[in-house]
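We did not get these values from a lab; they are worked out from the coordinates using the rules stated. Quick caveat, the model's predicted, so the values are computed rather than measured. Heads up, the Cβs are rebuilt from the backbone with ideal geometry, glycines too, and the neighbour counts pull from every protein chain shown.
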Amino acid sequence: MADAGEAVIVLDRVSASEGILAHLEDVSFTVRRGEAVALVGANRSGKGLALKLCAGLETPVAGSVRVLGVDPAAASDEEILHLRQRVGFVFAKPALVSNMSLYNNVALPLRYHTALPEAAVQEKVMACLAECGVELFHDHLPGGLAMGHARLAALARALVVEPDILFVDEVLVGLDAADLVRFRGILEKHGQRGLTIVVSINAPTALFAFMDRLALMRDGRLVAVCPPAEVARVDDPMVREFFGNN
Amino acid sequence: MIAWTGRKTVEGVAYAADVLFLGYLAFKELFSPARRGRHEALRTIARQVLFTGVDALPVVGALALMLGLIVIIQAGLALPQVGAGELLAHIVVVALVRELGPLLTAFIVVWRSGTAMCTELGNMRVGQEIDGLEAMGISVVRFLVMPRMVGAIVAIICLTVYFDLVAVVGGFLVAKVKLTVPFAVYLAGIEDALSIADVVITIVKSALFGLTIAVICCHHGLAVAGSTTEVPQQNSRAMLNTVAACLVLDIIVSVSFYA
């Protein structure tokens, strides 16, 4: 399925830096429409920065990035605004607006970017909250929720605008086993409708089985890009340490 | 020493340019024809007016009453001794309506709402809420700064009028136990001393203070890079800079219109 799609994300010899936090050196890879790709690596391997570059939230110091045909570094404000509406991003922290209820948080992008009547907004928001299993908390503020529930609400907010690409930073953060199963179910469902999914993961997880490809990263460099079944063939100390004997 | 002065001057100019640019962007959003986020902006404006204006009524009222009492008692007892008792109303208008009303109201708004704005935006930065808004294509200036600016301006104008009324009328009624001036004579004197220009300049001053408080405090809140320890640091900078800016503005307006 993956190879047939058009390239929706192209990183070409990209270098970038977030100070001492992370850096990327000469990273190139492509994600095609409908693919599910995981950026895999330890903390400070550069996967989070790579994810932000892929989403157009950071600009490289060298090389070029194209997301849905747009170069975020050279795009106009109007092009960036349009791009943002086609991309959903779930941060490692839930990043929900703390003084708004979950319902209003999820409704926010619809109210801001569309002219939908409030009844249609309500229908979409409640459907998304129900899909993510947090509809019971729709009138709660994010601060009172468990991390997993808050991240599921953040996922609902990212999905409510029906994006072309979904980015999830540090998928495993705050999710318990049940949340993770639900998370995977949601990704699978939207993956089947053609959503491109790019996630970053810092520990081995059953989610790898759902991915089309893993992009393995170490010290700001891309070590290998391969299907999960072929990881064992990658000859790299980080990969051996990361995946152990499995 | 010269290098230090030069560096501080450059930093000061860059800071002023940043604040002015944020104010310009927020002001521009006010007249943007886009319907984007209008509902959310109105909701934030209403919340800001409620918190900055309505919730501050007791503290502003109490301060106005006490300050009005002090000024009227002092002037009302001292002026007759030098044969200038008829100047009481003029002194009240000059001291309370023109200067202390707008300025002290602004200080209360800085202390209550300015710090709240700076803290709220700083914490939003730390919690990646602002990154989340930007990732959704939601303008931080339109969603966060512009509504706070409008709310602060509306609230501070109303609060200043309220301050002046309480200080001038309430202050006299309390001070009456010590004064011999009849209330009707006092009110006639106030009516005579207070011009339309005084009212307009007071409102203009208040609007400028509201704009300054909101923009500077939002600027400092958004300047938090990502650590919670930066929030109180930016907060104290915001308070000092806002108070200084309000004083400078007050001098500029007063000198421009009254000198």
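Every condition in (1) among the aliphatic types (A, V, I, L, M); (2) touching a His at 6+ places or on another chain (Cβ under 9 Å); (3) part of a helix (DSSP H, G or I) is met by A:Ile197 except one, and the failing one is (3).
Listed by first and then second residue, the pairs with beta-carbon distance under 6 Å, at least 6 apart or on different chains, first residue in the stretch B:238-259 and touching a residue at least 40 places away in the same chain (Cβ under 8 Å) and among the hydrophobic types (A, V, I, L, M, F, W, C), second in a helix (DSSP H, G or I) and surrounded by fewer than 20 Cβ atoms within 10 Å (Cβ to Cβ), are B:Phe257/B:Ile201. In the set B:Ala75, B:Ala46, only one residue is within 14 Å of another protein chain (Cβ to nearest Cβ) and either of a type outside the set (D, E, K, R) or closer than 30 Å to B:Gly137 by Cβ (or both); that residue is B:Ala46. Within the stretch B:129-148, does at least one residue satisfy the condition of being away from chain A (no Cβ under 12 Å), assigned to a helix (DSSP H, G or I) and under 14 Å from the mean Cα position of the chain (by Cα)? For the stretch B:129-148, residues away from chain A (no Cβ under 12 Å), assigned to a helix (DSSP H, G or I) and under 14 Å from the mean Cα position of the chain (by Cα): present.
Among the residues making up the stretch A:141-160, those that are surrounded by fewer than 22 Cβ atoms within 10 Å (Cβ to Cβ) and not in a helix (DSSP H, G or I) are A:Leu141, A:Leu145, A:Ala146. For the stretch B:1-33, how many residues are free of Cβ contacts under 8 Å to residues at least 12 places away in the same chain and under 20 Å from B:Gly137 (Cβ atoms)? Residues meeting the conditions: 2. Taken over the stretch B:95-128, residues that are touching a residue at least 60 places away in the same chain (Cβ under 8 Å) and away from every other protein chain (no Cβ under 14 Å) amount to 19.
Listed here are the residues, each with its yes/no results for (1) surrounded by fewer than 20 Cβ atoms within 10 Å (Cβ to Cβ); (2) away from every other protein chain (no Cβ under 14 Å); (3) outside any loop (DSSP other than H, G, I, E, B).
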residue	(1), (2), (3)
A:Thr59	yes, no, no
A:Ala75	yes, no, no
A:Glu78	yes, no, yes
A:Arg84	no, no, yes
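Residues in the stretch B:52-87 that are under 21 Å from B:Ile201 (Cβ atoms), touching a Leu at 6+ places or on another chain (Cβ under 7 Å) and in contact (Cβ under 8 Å) with a residue 24 or more places away in the chain: B:Gly53, B:Val60, B:Leu67, B:Gly68, B:Val71. Beta carbons closer than 6 Å, at least 6 apart along the sequence or on distinct chains, pair a first residue in the stretch A:46-67 that is in contact (Cβ under 8 Å) with a residue 60 or more places away in the chain with a second that is among the aromatic types (Phe, Trp, Tyr) and assigned to a strand (DSSP E or B) for A:Leu51/A:Phe167; A:Ala55/A:Phe89; A:Ala55/A:Phe167. The set of residues in the stretch A:97-110 that are buried (at least 20 other Cβ atoms within 10 Å of the Cβ) and facing another protein chain (nearest Cβ under 10 Å) comprises A:Val97, A:Asn105, A:Ala107, A:Leu108, A:Pro109.
Considering the stretch B:171-257, the qualifying helices (runs of 4 or more DSSP H), each wholly inside and each with 2 or more residues that are exposed (fewer than 13 other Cβ atoms within 10 Å of the Cβ) and of a type in the set (Asp, Glu), run over B:183-193.
Can you say whether A:Val67 is crowded, with 23+ Cβ neighbours inside 10 Å, of a type in the set (A, V, I, L, M) and more than 8 Å from every other protein chain (Cβ to nearest Cβ), as far as the supplied structure shows?
Values: crowded, with 23+ Cβ neighbours inside 10 Å: yes; of a type in the set (A, V, I, L, M): yes; more than 8 Å from every other protein chain (Cβ to nearest Cβ): yes.
Answer is yes for this residue.
Quick check: is even one residue across the stretch A:43-52 surrounded by fewer than 19 Cβ atoms within 10 Å (Cβ to Cβ) and over 19 Å from A:Gly220 (Cβ atoms)? Break it down stepwise before answering.
Step one: list which residues in the stretch A:43-52 are surrounded by fewer than 19 Cβ atoms within 10 Å (Cβ to Cβ), which gives A:43-44.
Add one more test, that the residue is over 19 Å from A:Gly220 (Cβ atoms), and what stays is none.
No; the residues of the stretch A:43-52 include none that is surrounded by fewer than 19 Cβ atoms within 10 Å (Cβ to Cβ) and over 19 Å from A:Gly220 (Cβ atoms).
Evaluation of B:Thr180 against the conditions (1) within 23 Å of B:Gln48 (Cα to Cα); (2) out of contact with any helix residue (DSSP H, G or I) (no Cβ under 7 Å at 6 or more places or on another chain) shows that the sole unmet condition is (1). I'd like to check something: does the stretch A:33-50 contain any residue that is within 12 Å of chain B (Cβ to nearest Cβ), more than 12 Å from the chain's Cα centre (by Cα) and of a type in the set (D, E, K, R)? No, the stretch A:33-50 has no match at all.
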